[in-house]
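Worksheet: the structure to be examined is printed underneath.
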Amino acid sequence: MNTIIIKSKDDVLSEEDLKEAADILKCGGLVAFPTETVYGLGADGLNPKASIKIYEAKGRPSDNPLIIHIASLSQMDVIARDIPDEAYKLARVFWPGPLTIILNKKEIVPTETTGGLDTVAIRLPASKIARDLIEASGGYIAAPSANTSGRPSPTSARHVIEDLSGKIDMIIDGGKSTLGLESTIIDLSSSIPTILRPGSITKSMLENVIGQVEYDGVVLQRDMGEDMVPKAPGMKYRHYAPEGSLAIYEGSTEKVTKAINDKAKELINAGKSVGIIATEETKHFYKYGIIKVIGSRSDEDSIAAGLYGVLRDFDDIHVEYIFSESFEGDDLGQAIMNRLLKAAGYNLILVE
Ligand code: TXA
Ligand code: MG
């Protein structure tokens, strides 16, 4: 398949490009588009045949449900039933934005889109291109992250091209994703609001609007040992995995940088290739291997935005071992560590 690639200017598409993309979606085709979190691979979420194409293009297990993206709040009522007040409250505060809400689904939503579940995940993204496209195509766009299943999510069109060129109809290049981590997912389909995936909308931000919110057990998981079944099916797969073996070192800066230097030296002497995920603040401390800066510790957002790109950069050069510092924190830090720990297969080394 020939994949059409179009570029947006200043976060808008020309009228012709928008129409071409919307027509592809209306006819059951696949279009990758930018959102403020990561790039999405879109298809008509109410058309079972179109949804199935997403699974094929990504190599995604068919029990892993898709998020339906909408362009206006009123669309939530069309696809969800038994909607609790909390959903409207959260939607009014955080939409458009990086929050996905899980509700009981209406019949109109095919189970091909929801991985066989009776619930549906809904998000109204902030990105203008995304909203224009959703609206122009009729409104209900199923879109997982636009990566091959198991690879880090794409935060630039280049990442999407690497994974999906030749497999989908169109890729819209809208530059770098501003947030870089997927949306927060909150489940409102059962009695206690539960965070299934942490993101930039944090637990305390949600609690300020609707009161007590819980984490699904797997969100805070720190090792493989605990045998937990996540409520978001996608959270059980080994996601975001780089090619090289990734280890995270946690402790004081002094001890972490020394431990990583020691290990990197040992491996390089043994003929192995090594990559190090450093920060602006610590990059000067490392002496061995290929050092990449993920962002600055004084700006947590920059770390979130840089994570997937750094993992992909190391894949591109096929390093065998990757070492990363740890990025603990109460809010966004939760989301960053959730992704990093999964990428590392929970290989966390404490050096204190
Ligand atoms: O930021 C985002 O959310 C991006 C952009 C493109 O919007 N999308 C995204 O989709 O991350 P995806 O498919 O990569 O991740 C969706 C997650 C999966 O872990 C899936 O299992 C979970 O949401 N999910 C979807 N529907 C669900 C449902 N009905 N119940 C529980 N989990 C659900
Ligand atoms: Mg994904």
Item to check | Nitroxide proxy distance, nm - points 7 Å out along Cα→Cβ at residue 215 and residue 299 | outcome: 2.7 nm
Checklist entry - Which of the peptides 17-26, 35-44 is most tightly packed, and how do the rest follow, going by the mean number of other Cβ atoms within 10 Å of each residue? => result 35-44, 17-26
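Peptides 263-274, 174-185, 295-306: what's the order by average Cβ count within 10 Å, highest mean first?
Details: 263-274: 14.6, 174-185: 22.8, 295-306: 18.2.
Sorting 263-274, 174-185, 295-306 by mean packing, highest first, produces 174-185, 295-306, 263-274.
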Next on the checklist: Below 8 Å, C-alpha to C-alpha, sequence gap of six or more: please give me the relative contact order for the stretch 245-350 in percent.
Outcome noted: 38 percent
Checklist entry - Which of these, 327, 314, 285, has the largest mean-square fluctuation under a Gaussian network model of the chain (Cα springs below 10 Å)? => result 285
Checklist outcome for this item: One finds, for residue 135 and residue 93 with R0 = 22 angstrom and r their Cβ-Cβ distance, a FRET efficiency to the nearest 0.05 of 0.55
Item to check | Orientation-averaged projected area, Cα convex hull of the stretch 1-68 (nm²) | outcome: 5.2 nm²
Checklist outcome for this item: With all protein chains present and a 1.4 Å probe, the order of 173, 316, 187 from largest accessible area down is 316, 173, 187
Checklist entry - In the full protein assembly as shown, how much of residue 76 is accessible to a 1.4 Å probe, in Å² to the nearest 10? => result 0 Å²
Item to check | At q = 0.10, 0.12, 0.14 Å⁻¹, base-10 log of I(q)/I(0) for the chain (Debye sum, equal scatterers on each alpha carbon) | outcome: -0.59, -0.85, -1.12
Checklist entry - Relative contact order for the stretch 101-227: what is it in percent, counting Cα pairs under 8 Å that are at least 6 residues apart? => result 18 percent
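Take each uninterrupted DSSP H stretch in the chain, measure its Cα extent along the helix axis, and return the ones at 18 Å or beyond whose mean Kyte-Doolittle hydropathy is at least -1.0.
253-269, 300-316
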Item to check | Assigned charges on the beta-carbon of Lys, Arg, Asp, Glu; the stretch 245-350 dipole about Cα centre (debye) | outcome: 480 debye
Checklist outcome for this item: With all protein chains present and a 1.4 Å probe, the order of 92, 151 from largest accessible area down is 92, 151
Checklist outcome for this item: Heavy-atom accessible area of the chain with neighbours in place, 1.4 angstrom probe: carbon+sulfur share in percent works out to 50 percent
Next on the checklist: Quick check for you: with a 1.4 Å probe and neighbouring chains kept, what is the accessible area per residue of the chain, in Å²?
Outcome noted: 41 Å²
Item to check | Expected 222 nm ellipticity per residue - DSSP helices of 4 or more, -39500 (n - 2.57), all of the chain, to 500 | outcome: -9000 deg cm²/dmol
Checklist outcome for this item: Computed over the stretch 4-220, the relative contact order (Cα-Cα under 8 Å, seq sep at least six) in percent reads 29 percent
Checklist entry - If the limit is 28 Å between Cα atoms, which of 7/287; 9/342; 265/292 go over it? => result 7/287; 9/342
Checklist outcome for this item: If every Lys and Arg gets +1 and every Asp and Glu gets -1 at its Cβ, then about the Cα centre the chain yields a dipole, in debye to the nearest 20, of 520 debye
Checklist entry - Considering only DSSP beta bridges with both partners in the chain, what is the antiparallel share in %, to the nearest 5? => result 40 percent
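The values are calculated or read from the model by the stated rules, or taken from the named source; none is laboratory data. Predicted model, so just to flag it, every value in this text is computed and none were measured. When we count neighbours, we look across all protein chains shown, and the Cβ atoms used for this are built from the backbone with ideal geometry, even at glycine. Keep in mind that these areas ignore ligands, DNA and RNA; they rest on the heavy atoms of the full protein, side chains included. Shrake-Rupley method; radii C 1.70, N 1.55, O 1.52, S 1.80 Å.
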